[in-house]
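The values are calculated or read from the model by the stated rules, or taken from the named source; none is laboratory data. Note that the structure is a prediction, hence the values are computed from the model and not measured. Please note: Cβ atoms are built from the backbone with ideal geometry, for glycine as well, and neighbour counts cover all protein chains shown.
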Amino acid sequence: MLGLKMETDPRWVNIAERNIEEVLIDHAFCEQKAASNAISIIVQYPHHSDLVTAMIEICKEEMDHFEMVHKKILDRGMNLGFERKDPYVKDLSEHLKSEYGNSSRESHFVNQMLFAAMIEARSCERFKLLSESLKDPDLKDFYRMLMESEARHFMTFLKFAKKYSSKIDVDKRWVSFLAFEADLMKKYGKEQSIHG
């Protein structure tokens, strides 16, 4: 369903489990950024009412997830701390800009949707690994629930990329983006972060 061309090295789960507090902190910021992204899309495309409605739902859901992850951080006697940078997200963004630029409003829109879809797809894949492999039963259930949510968000972003583009072959751009992401993943899967 996700179409990812490179699976995460299963050893990443061992890294994550040994550093689960760091993963949770990074995860909290991922949820917060996803909510901010949904708000940004609303601001930029208020004329697409169905898109606005979908982004409102995603924003609320992402903030609910942020709250849940934050609670797990507090339950472990930790604080959220300051925002962490996400090199994976930066690499995706830079690729889309260099490959397609923002030559038109439509191209910019498609890039935004595919960018968000890819992040949701990879997060979903990582959450699946955590739900299957973590020893902590509470976190296993937690990541299983979140995995299902990420899959829905992934499909939502892809749907809108196709719906509101008339001049761009979205499927072709997505296949190309998947190939880039697969190559990119060769340098990830070694850090205690959701995308690292």
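Could you list all residues from the stretch 68-113 that are within 17 Å of the chain's Cα centre (by Cα), loosely packed, with under 15 Cβ neighbours inside 10 Å and of a type in the set (Asp, Glu)?
Scanning the stretch 68-113 gives 83, 94.
Taking residue 123 and the conditions (1) surrounded by 15 or more Cβ atoms within 10 Å (Cβ to Cβ); (2) polar (S, T, N, Q); (3) within 24 Å of residue 44 (Cα to Cα), which numbered condition does it fall short on, given that it satisfies the others?
Against the list (1) surrounded by 15 or more Cβ atoms within 10 Å (Cβ to Cβ); (2) polar (S, T, N, Q); (3) within 24 Å of residue 44 (Cα to Cα), residue 123 comes up short only on (3).
Would you confirm whether or not the stretch 24-46 contains a residue that is at pLDDT 95 or above, surrounded by fewer than 12 Cβ atoms within 10 Å (Cβ to Cβ), of a type outside the set (A, V, I, L, M, F, W, C) and over 15 Å from the mean Cα position of the chain (by Cα)?
Yes; the residues of the stretch 24-46 include at least one that is at pLDDT 95 or above, surrounded by fewer than 12 Cβ atoms within 10 Å (Cβ to Cβ), of a type outside the set (A, V, I, L, M, F, W, C) and over 15 Å from the mean Cα position of the chain (by Cα).
Does the stretch 80-90 contain at least one residue that is farther than 20 Å from residue 111 by Cβ, among the aromatic types (Phe, Trp, Tyr) and modelled with pLDDT under 95?
yes
If the requirement is being free of Cβ contacts under 8 Å to residues at least 24 places away in the same chain and either under 22 Å from residue 44 (Cβ atoms) or in contact with a helix residue (DSSP H, G or I) (Cβ under 8 Å, 6 or more places away or on another chain) (or both), which of these qualifies: 147, 118, 113?
147
Residue 21 passes all but one of (1) in a helix (DSSP H, G or I); (2) loosely packed, with under 13 Cβ neighbours inside 10 Å; (3) at pLDDT below 95; which number fails?
Tallying (1) in a helix (DSSP H, G or I); (2) loosely packed, with under 13 Cβ neighbours inside 10 Å; (3) at pLDDT below 95, residue 21 fails exactly one: (2).
Under 9 Å between Cβ atoms, at least 6 apart or on separate chains: pull out the pairs that start in the stretch 163-190 with a residue that is of a type in the set (Val, Ile, Thr) and end on any residue that is in a loop (DSSP other than H, G, I, E, B).
Note: pairs meeting the criteria are 168/104; 175/3.
What pairs can you find where one residue is in the stretch 38-57 and in contact (Cβ under 8 Å) with a residue 40 or more places away in the chain and farther than 21 Å from residue 104 by Cβ, the other is polar (S, T, N, Q) and surrounded by 17 or more Cβ atoms within 10 Å (Cβ to Cβ), and their Cβ atoms are less than 6 Å apart, with a gap of 6+ or different chains?
If the second residue must be polar (S, T, N, Q) and surrounded by 17 or more Cβ atoms within 10 Å (Cβ to Cβ), the pairs left are 54/156.
Working only within the stretch 66-96, note down all residues that are touching a Leu at 6+ places or on another chain (Cβ under 6 Å) and over 19 Å from residue 20 (Cβ atoms).
Listed by number, the list holds a single entry, 91.
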